[in-house]
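Data first, discussion second: the structure below is written as structure tokens.
The values are calculated or read from the model by the stated rules, or taken from the named source; none is laboratory data. The shown structure was predicted, so the numbers you read here are calculated from the model rather than taken from an experiment. As a convention, Cβ positions derive from the backbone with ideal geometry for all residues, glycine included, and neighbour counts pool all protein chains shown.
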Amino acid sequence: MEQTTDSPSPPAEPAEPPVPPVPGWESLGLDRATALALAETAEAEFMIALHDGAPTEAKAALGMRSERLAGGVAVVMAGDPTGGYWNKALGFGVTEPVTDSLVAHLVDLYASAGAPALCLQVAPAALPADWDDICVRHGIVGGSVWAKLLRPAATPTTPSTTDLRVGTIGPEDAEAYARVFAGGFGMPPEPHLLSMFAAAGGGGPGFTAYGAWDGDVLVAAANLHVAGPAAAFCGAATLPEARGRGAQSAFMQLRVEAARAAGCTWMSAETWQELEGAHNPSLHNMLRSGFVEVYDRRNWVWRPGA
């Protein structure tokens, strides 16, 4: 979830042909199943940790619930102030197959919670042969496409320079971190949503947050989550007035070094894919930092009344 100009709400678009995989895992010495397990599990674990780490008051106010099932996770936010971004089901197809009964359960889970959407994120290699029929049966349509990337810990770190002061976020900076994180991604400053970000930024389980300051003002924020062999680069955003000053590259270097220190052998990240001539600076920043695209993954979206 590195910085993106996409709307935070997963778009409901007509289903399209599957996105062809980006050949990348071979160059990393991985087989497809191992690449999928590393990339999908790291993202799923940070998503459920972020969600479950929210304060009790925020969970009640936003109608939050979560569930582990079929080797993956589902995070529900019925009162999602972004309109759907924080309603995701992911991590499937690693230890158990994706089936019609799984999709039916997920649709029922989000529908019964009154969620505004369900964004089902499944690696293309894990989609069953009858996926098109499953989508029709449950009113699911194809949405935007994300690039999934991996980086070996042994890859040398890319030096970075910035005129901003960078470092880790402490509990005293957690609220400012939350505001910058939300603002950089164009998300509304809803108090309960901000408290979820602050809980992770202030030292939630597995999380280490980073900030970049212009003088005494925090202008950029990033996070790292460790819960297995692959560290998740789980969000980095800069306020518009501070972009182009090297914060993102500095965050990359800091998080690579921190993941190594934590004993991780891989690093995982995702961002929106460049389609139809679009340019995503975050994707190029990742590639310059040693990440390799391993596959493209389409978001599959269900909405009430579909």
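The table that follows gives values for the structure above.
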{"read-out": "Which numbered condition G53 fails, given (1) at pLDDT 95 or above; (2) in contact with a strand residue (DSSP E or B) (Cβ under 6 Å, 6 or more places away or on another chain); (3) farther than 23 Å from T155 by Cα; (4) not β-branched (V, I, T)", "value": "(2)"}
{"read-out": "Qualifying positions in the stretch 225-245 - free of Cβ contacts under 8 Å to residues at least 40 places away in the same chain and either within 19 Å of the chain's Cα centre (by Cα) or crowded, with 24+ Cβ neighbours inside 10 Å (or both)", "value": "V226"}
{"read-out": "Any pair with Cβ under 7 angstrom, 6 or more apart, that starts in the stretch 159-187 at a residue that is within 17 Å of P205 (Cα to Cα) and ends at one that is in a loop (DSSP other than H, G, I, E, B) and of a type in the set (A, V, I, L, M)", "value": "Y177/I169"}
{"read-out": "Hits in the stretch 254-281 (condition: surrounded by 19 or more Cβ atoms within 10 Å (Cβ to Cβ) and over 17 Å from L28 (Cβ atoms))", "value": "L254, R255, T271, W272, Q273, N280"}
{"read-out": "Residue identified as touching a residue at least 24 places away in the same chain (Cβ under 8 Å), exposed (fewer than 14 other Cβ atoms within 10 Å of the Cβ), in contact with a helix residue (DSSP H, G or I) (Cβ under 9 Å, 6 or more places away or on another chain) and hydrophobic (A, V, I, L, M, F, W, C) among A115, A126, A104", "value": "A104"}
{"read-out": "Residue tally, condition part of a helix (DSSP H, G or I) and over 16 Å from A129 (Cα atoms), over the stretch 84-114", "value": "10"}
{"read-out": "Out of G139, G79, sole residue that is more than 16 Å from W300 (Cβ to Cβ) and surrounded by fewer than 20 Cβ atoms within 10 Å (Cβ to Cβ)", "value": "G79"}
